[in-house]
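Asks: First, the structure itself, so that you have it in front of you.
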Amino acid sequence: MNCRGKKERNRRGAALIEMTLVGIPIIFVLISVFEISRGMWVYHTSAYAVRDGVRFAQVHGINCIFTPGVVSVNNCPKTIADVTGIIRTAAFGLPSTTTMLTFTPGSSSATATSCYMGSSSATTVAGPYGSLVGCLSLTTTWPPNDGTGVLNGVGKKIQIDIRTPFKSAVGMLWPGVGYTKFAATDLGARSTDYIQF
C-alpha cells in the first residue's frame, strides 16, 4: 500500500515537470503568434490608409473644379489636412500622435512634407521621428498647385508614406537578450499613384 502511494506522488511530480517544460514554449509561441498578428494588422491598416489618401488626392489635381463660395465635399483645392482626414478615418486604431505622414508631390524638385498624423498643433511637436508639425494644421494645397500643372498636372506622380512605431513584448521573451522593456521597430507603408483629374 505504501509503495503504491509513493509511485503516485512520483507520477504527479513528473507531470508537473513535464507541464513546465512543455508549457513555457507553448506560451512563448502563443504570445509570438499574437504579436505577429498585431504587427500584420498595423501594417495592413497603414497600407490601406495611405492607399485611401492617395486615391482621394489623385482626383484633386489641376482639373479639379473649384467653385468659389461653394462649400461641399468635392470643393477644390484640397489641403494636406483634408488628405490627412481621409487617412485618419481609414487608420482607425493606429496611434495617431506618433504616426508620421510624408507627402511627396510629382516633381523631383519639389520638397516632401512630413508631419504627425493626429496632431493639430501648428508648432513643432517632439515625437519618435523628431520635431514635426501636426498634419491637421497644414493648410498647404496638396497636390501642390503651382499654376502651371508641373506639380499637380494630370499624369504626375504623387506619393504618401506612413511610419508608425510598433512596440512588441516578444523581445522580452527571447533568451540571451537581457533586460529589455519592449522591442520597438517602425512599420511603414507607401502608396504611389498618378493624378487623374
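Asks: Please determine, by comparing only the residues of segment 11-57 that are touching a residue at least 40 places away in the same chain (Cβ under 8 Å) and of a type in the set (D, E, K, R), which one is farthest from Gly153 (Cα to Cα).
Replies: That would be Glu35.
Asks: Among what's in segment 106-125 and is modelled with pLDDT under 85 and in contact with a Lys or Arg (Cβ under 9 Å, 6 or more places away or on another chain), pick the residue that is surrounded by the fewest Cβ atoms within 10 Å (Cβ to Cβ).
Replies: Out of the qualifying residues, it is Ser107.
Asks: Residues of segment 81-103 being within 11 Å of the chain's Cα centre (by Cα) and part of a strand (DSSP E or B), which ones?
Replies: Met100, Leu101, listed by residue number.
Asks: Could you tell me whether segment 56-63 includes any residue that is of a type outside the set (Phe, Trp, Tyr), at pLDDT below 95 and in contact with a helix residue (DSSP H, G or I) (Cβ under 9 Å, 6 or more places away or on another chain)?
Replies: Yes: one or more hits.
Asks: I'd like to know if segment 126-140 contains one or more residues that are part of a strand (DSSP E or B), surrounded by fewer than 16 Cβ atoms within 10 Å (Cβ to Cβ) and among the hydrophobic types (A, V, I, L, M, F, W, C).
Replies: Scanning segment 126-140, I find at least one residue that is part of a strand (DSSP E or B), surrounded by fewer than 16 Cβ atoms within 10 Å (Cβ to Cβ) and among the hydrophobic types (A, V, I, L, M, F, W, C), so the answer is yes.
Asks: Would you point out which residue out of Arg38, Arg88 is farther than 20 Å from Lys167 by Cβ, basic (Lys, Arg) and either at pLDDT 85 or above or in contact with a His (Cβ under 6 Å, 6 or more places away or on another chain) (or both)?
Replies: Among Arg38, Arg88, only Arg88 is farther than 20 Å from Lys167 by Cβ, basic (Lys, Arg) and either at pLDDT 85 or above or in contact with a His (Cβ under 6 Å, 6 or more places away or on another chain) (or both).
Asks: Also, I was wondering about something else. Among residues belonging to segment 169-192 that are crowded, with 16+ Cβ neighbours inside 10 Å and modelled with pLDDT of 80 or more, point out the one that is nearest to His60 (Cα to Cα).
Replies: Checked segment 169-192; the qualifying residue nearest to His60 (Cα to Cα) is Ser191.
Asks: Under 9 Å between Cβ atoms, which residue pairs at least 6 apart in sequence (or on different chains) link something in segment 58-87 that is farther than 20 Å from Met100 by Cβ with a partner that is modelled with pLDDT under 90 and basic (Lys, Arg)?
Replies: That search, which allows pairs on different chains as well, returns His60/Lys78; Gly61/Lys156; Ile62/Lys156; Cys64/Lys78.
The values are calculated or read from the model by the stated rules, or taken from the named source; none is laboratory data. Quick caveat: nothing in here was measured; it's all calculated off a predicted structure. In this analysis, Cβ positions are derived from the backbone assuming ideal geometry, glycine residues included, and neighbour counts consider all displayed protein chains.
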